[in-house]
């Protein structure tokens, strides 16, 4: 059976949940501490695997306790780790996350080994691209590696799903190689120059993405739903309304679930609904990978 290829980052998340986020220079006393497995690539790989899709993950982890814990977790999730590189020179990535009572968060990442995922690493893993047909990738590893992977995957007939997070500029030459792009409002604004707040502004951003060469656009708008633009559909796909506790990995859950739906040959509208449902479950729980739903829960 063909697998979803995820290329990206693996971090350990140090989370403090408090009543509100601290202002610059301020210390807040009182909060709950959690340490969770995270990293956008790892989160998306776990989301895919937990929803029942065979998944292979390409990443770098440090030769330290965090890296060893990550490998153990991937094994529990039945993720193929043949191309997870243990970096003896750099530590595993770490993210410091603050979450307020409304579920909003702010995150600072020390990338560690993630910053050294190289084009050579992708070349060494290329046999898996030749055997499979969906690539899910983000921007938490070096941009030159991301852009190389996207272009080469496209040229090999692999459908590329890009979650452009964290927000970063990309070369205009890479957009025509993207089958589906899944930004949130902030990421869409950075890449298109259009401030996205509603359907009309999402439509303008979608047009810019189309002009750049992206085939299918899904802009996540939080509780307002998902703006979808494809050759067959343009409009808002509604999101289930829930009370959010922690939005930390909502976008990762959405992208991982979307890849699963595309792997199962659902239409884009069906895939967007499936991904929205998965993300709506994830935000009702604390943590990143810990919040990802199983297929039974879906």
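Each value in this text was obtained by applying a stated rule to the coordinates, not by laboratory testing. Given the structure is predicted, the values throughout are model-derived calculations rather than measurements. Quick reminder, even Gly has a Cβ in these numbers, built from the backbone with ideal geometry, and neighbours come from all protein chains shown.
The table below gives the values:
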quantity: For 197, 192, 81, 27, order by how many other beta-carbon atoms lie within 10 Å, fewest first; calculated: 27, 197, 81, 192
quantity: C-alpha center-to-center spacing [segment 120-140, segment 258-290] in angstrom; calculated: 22 Å
quantity: Order of 273, 266, 229 under a 10 Å beta carbon neighbour criterion, fewest first; calculated: 266, 273, 229
quantity: Tensor-based shape of the chain (alpha-carbon gyration tensor, a/c under 1.5 rounded, otherwise prolate or oblate); calculated: rounded
quantity: Residue of 171, 118, 156 that the Gaussian network model of the chain assigns the largest fluctuation, springs spanning Cα pairs under 10 Å; calculated: 171
quantity: Structure-based [θ]222 nm, the chain - -39500 (n - 2.57) summed over DSSP H runs of at least 4, per residue, nearest 500; calculated: -10000 deg cm²/dmol
quantity: Principal axes of segment 113-156: Cα extent on each, largest first, Å; calculated: 26, 17, 13
quantity: Ellipsoid equivalent to segment 86-138 - semi-axes via the Cα gyration tensor, in Å; calculated: 30, 18, 7
quantity: Ranked list, fewest to most other Cβ atoms within 10 Å of each Cβ, for 253, 59; calculated: 59, 253
